[in-house]
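Let me begin by presenting the structure, written as structure tokens, before commenting on it.
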Amino acid sequence: QDCNCPLMLDNQHKQKLFYFLVVTNALGLFENPYPDPKAADYVGLDESNKFNEEATKETIVLAQNKANILPINKGEKKILVTGPTANLLRILNGGWSYDWQGSNEQNYYQYGKYKLTLANAINRTNGERGVTFVEGANLTQLTNVNEAVEEAKRSDLIVLSIGEDVYAETPGNIFDLRLPQHQFDLANALFALGKPVVVVYFGGRPRVITEIAEKADAVLIGFLPGPRGTEAVADILFGNYNPNGRLPLSYPRYRNGFTTYDRRALEDTYNPLYEFGHGLSYTTFRYSGLSVTPTIASPTSKIEVSVNVQNTGSRAGKETVMLYLNDEYASVSRPVKQLKRFEKIYLEPGKDKTVKFELTVDDLSFINAKSEKVYEEGKFNVYIEKLTTSFELRK
């Protein structure tokens, strides 16, 4: 404005500016750019914390549970809690929490509602008895590993909490997805005792933990669960809550394991530690009666897919029903499967529910070699759990 010259923007930036102005206007920020002071009264309410805890429970993924070692019976076992993330709060939130890197541990105690480290949460959930914490290692090196081993000898079960420190932006850049070696050293020292080991992972990304996971009896993946995360993990460990989280990614087995679930057929390198959508429960579910209507569809058809899900276990639980689609033949290479719909349902033991999804031609479309969004005739395969069926699209 001062130079009396036009604003020089290319079309892409003009479009971004246009949307920015539209949203700013819709929010009324041109008239009043300041938030309502009364809104601060809603921050940190008990109901907010309760909602946070319930939401967090649904994100924790039980990735492994050999011989159904979990859940733990309260008060029946002497438990050692150890590891670099077992007695920290900052690892629950990550960067941009109270400060830029989120690394000031004292901020988490000073501000907001009370929070518990994993060691404290396990101790409280177990009735404040039979739980001992020994660090063993911090996020940079081994510490009192010998003390941890000696305490593990006197324990019935070990909860090993591993992971990475918090970060934001460039300081979080790494050159190796594998966790630092000292965490593997601590784990191996504990595995050598032959005691049951439950591993809990906290971190902002899926660091490679294969050597630990393969020896562990159970693995829970928490990523960055938020301030109520340790309480959610403890409730799952002791069976107060039936886990139902599913992985939103393919957890890599190797350092270079970057192949995603929606790979092309020629990409035969898909071998993750845990697949996309993986997640265990303390109950079991049986799928049956997968059907699709119509079996020959036109571009204007509403394609209905239905499946019956029954809780065949002894506990109530939630199950995420996931519908994957495969275009068997197309003018460009199509993914082996793509997630198109999902729904989480709750079932009491013995109860069942028929879940229905609706697909349209838009779900069957893709970007062709000319960068055009198109759909093509042919056979489409539908996958839900281990069931499969198919239908045809005809113009």
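Do we have any residue at all in segment 194-207 that's farther than 30 Å from residue 113 by Cβ and either open to solvent by less than 20 Å² (accessible area, probe 1.4 Å) or out of contact with any strand residue (DSSP E or B) (no Cβ under 7 Å at 6 or more places or on another chain) (or both)?
Yes; the residues of segment 194-207 include at least one that is farther than 30 Å from residue 113 by Cβ and either open to solvent by less than 20 Å² (accessible area, probe 1.4 Å) or out of contact with any strand residue (DSSP E or B) (no Cβ under 7 Å at 6 or more places or on another chain) (or both).
Inspection of segment 284-291 finds no residue satisfying the criterion of being at pLDDT 95 or above, of a type in the set (D, E, K, R) and buried (at least 16 other Cβ atoms within 10 Å of the Cβ). Looking only at residues in segment 208-265 that are polar (S, T, N, Q) and farther than 30 Å from residue 335 by Cβ, the one that is surrounded by the most Cβ atoms within 10 Å (Cβ to Cβ) is 230.
For segment 295-319, a tally of residues being under 17 Å from residue 350 (Cα atoms) and surrounded by 13 or more Cβ atoms within 10 Å (Cβ to Cβ) returns 12. For segment 211-260, the set of residues classified as under 17 Å from the mean Cα position of the chain (by Cα), of a type in the set (S, T, N, Q) and within 28 Å of residue 131 (Cβ to Cβ) consists of 230, 242, 244, listed by residue number.
Applying the condition of being within 10 Å of residue 79 (Cα to Cα) and part of a loop (DSSP other than H, G, I, E, B) to segment 116-135 and asking which residue is least open to solvent (accessible area, probe 1.4 Å) yields 126.
With open to solvent by 10 Å² or more (accessible area, probe 1.4 Å) and in contact with an Asp or Glu (Cβ under 6 Å, 6 or more places away or on another chain) as the only criterion, which of 57, 78 stands out? Result of the check over 57, 78: 78.
Here the condition is being under 27 Å from residue 171 (Cβ atoms) and at pLDDT below 95; of 141, 110, it holds for 110 alone. Looking only at segment 72-115, residues that are in a loop (DSSP other than H, G, I, E, B) and closer than 23 Å to residue 218 by Cβ come to 13 in all. When the strands (runs of 3 or more DSSP E) confined to segment 327-395 are screened for residues that are out of contact with any Asp or Glu (no Cβ under 9 Å at 6 or more places or on another chain) and over 30 Å from residue 241 (Cα atoms), those reaching at least 1 such residues are found at 378-384, 387-393. For segment 155-193, the tally of residues that are within 21 Å of the chain's Cα centre (by Cα) and open to solvent by less than 50 Å² (accessible area, probe 1.4 Å) stands at 12.
The values are calculated or read from the model by the stated rules, or taken from the named source; none is laboratory data. The model shown is predicted, which means the values in this text are computed figures rather than measured ones. Virtual Cβ from ideal backbone geometry, glycine too; neighbours counted across all protein chains shown. Remember, those area values only see protein heavy atoms, side chains included, never the ligands or the DNA or RNA. Shrake-Rupley method; radii C 1.70, N 1.55, O 1.52, S 1.80 Å.
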